[in-house]
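Heads up: the structure comes next, in structure tokens.
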Amino acid sequence: FTLAKDVKSATLFISSHGLYEAQINGTKVGNDYLTPGWTSYKKRIQYQVYDVTYMIKKGKNAIGAMLGKGWYKGSLAWENNRNLFGDQLALIAQLMVTLSDGSTQIINSDDSWSYNFGPIRDAEIYHGEYYDSRFNIPGWSITNFDASSWAKAKIMDNDVSPLIGAYSTPVRKHEIIKPIQLIITPQKDTVLDFGQNMVGWVKLKASGPKGTIIRIQHAEVLDKFGNFYTENLRAARQMNTYILNGSGEESFEPHFTFQGWRYIKVSGY
């Protein structure tokens with residue numbers, strides 16, 4: 001979108017069926033994660049409000065979002081329950097811009113938007129994220145990106161009455177914990193001990209040949225022999241997978257999942 005005058009203020013209202021991560025001009029909007037949060041979606045869907053004045057400027061700008069299944073349509077509870085609230089991901093967004101002359105310009109999510117499938121090949125709350133960086137789309141949320149080959153977004157006939165302003169405590173990063181030791185288990189697995197049980201996710205940096213598959217599994221305890229133990233997780237895989245693109249040092253942290261763990265097992269690297 002293009003703004004003809006300087007920006008006085010800009011506010012983004014946004015929500016989704018599933019989880020979203022919004023970007024403006026190549027930068028993540030806000031410091032919340034796993035938005036819009038988990039509610040009984042048929043009754044309440046929270047929307048977030050962000051002051052994005054500092055993120056946009058006179059002239060060309062770009063806005064976009066990534067979507068994941070989350071609690072809305074991913075695995076939930078027992079016995080392979082899926083699509084409990086719906087089977088289609090969706091985004092709703094409204095960017096309200098007040099220009100320097102007092103006029104207002106509104107950018108809505110509509111069928112002028114385009115969509116494509118990116119490097120997040122799968123993401124589940126219980127099972128983790130599968131990220132293939134060979135499918136990275138550089139510059140997808142910045143100006144002058146060519147999306148002519150992308151499909152046009154479809155307007156869905158969804159009831160917007162469940163939308164409410166966010167009231168729950170947002171998920172945010174508040175601490176970085178580094179592993180305290182490297183363990184080679186009796187079963188010869190490579191395991192990192194973070195020293196305490198926690199909820200969050202692991203950020204990795206790695207380099208290697210294109211197509212290298214790195215798997216990170218999570219566990220709360222080791223068994224009595226000192227081996228990696230996941231039987232208490234039942235069907236939850238709690239595994240993040242990252243495939244290298246071979247561009248040098250690469251960095252990854254998942255977008256639409258989280259884990260509970262003290263130990264991780266690293267394989268394939």
Answer yes if at least one residue in the stretch 214-221 is touching a Lys or Arg at 6+ places or on another chain (Cβ under 6 Å) and either at pLDDT below 95 or outside any strand (DSSP E or B) (or both), and no otherwise. yes
For the stretch 81-95, give me the residue count where each residue is open to solvent by 40 Å² or more (accessible area, probe 1.4 Å) and in contact (Cβ under 8 Å) with a residue 40 or more places away in the chain. 6
Name every residue in the stretch 23-63 that is among the aliphatic types (A, V, I, L, M), assigned to a strand (DSSP E or B) and open to solvent by less than 20 Å² (accessible area, probe 1.4 Å), in order of residue number. I24, I45
Mind listing whichever residues of the stretch 152-197 are under 30 Å from T230 (Cα atoms), part of a strand (DSSP E or B) and hydrophobic (A, V, I, L, M, F, W, C)? V171, L182, I183, I184, V191, L192, F194
In this structure, is S133 surrounded by 11 or more Cβ atoms within 10 Å (Cβ to Cβ) and more than 27 Å from F85 (Cα to Cα)? yes
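Would a scan of the stretch 96-114 turn up a residue that is under 21 Å from P254 (Cα atoms), open to solvent by 20 Å² or more (accessible area, probe 1.4 Å) and assigned to a loop (DSSP other than H, G, I, E, B)?
No, that holds for no residue.
If the requirement is being free of Cβ contacts under 8 Å to residues at least 24 places away in the same chain and under 24 Å from the mean Cα position of the chain (by Cα), which of these qualifies: I216, I176?
None of the others qualify; the one that does is I176.
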Determine whether the stretch 205-214 contains at least one residue that is surrounded by fewer than 14 Cβ atoms within 10 Å (Cβ to Cβ) and touching a helix residue (DSSP H, G or I) at 6+ places or on another chain (Cβ under 9 Å). yes
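The values are calculated or read from the model by the stated rules, or taken from the named source; none is laboratory data. Because the structure is a prediction, the values reported are computed rather than measured. Cβ: placed from backbone, ideal geometry, glycine included. Neighbour counts: every protein chain shown. Accessible surface areas use protein heavy atoms only, side chains included; no ligands, DNA or RNA. Shrake-Rupley method; radii C 1.70, N 1.55, O 1.52, S 1.80 Å.
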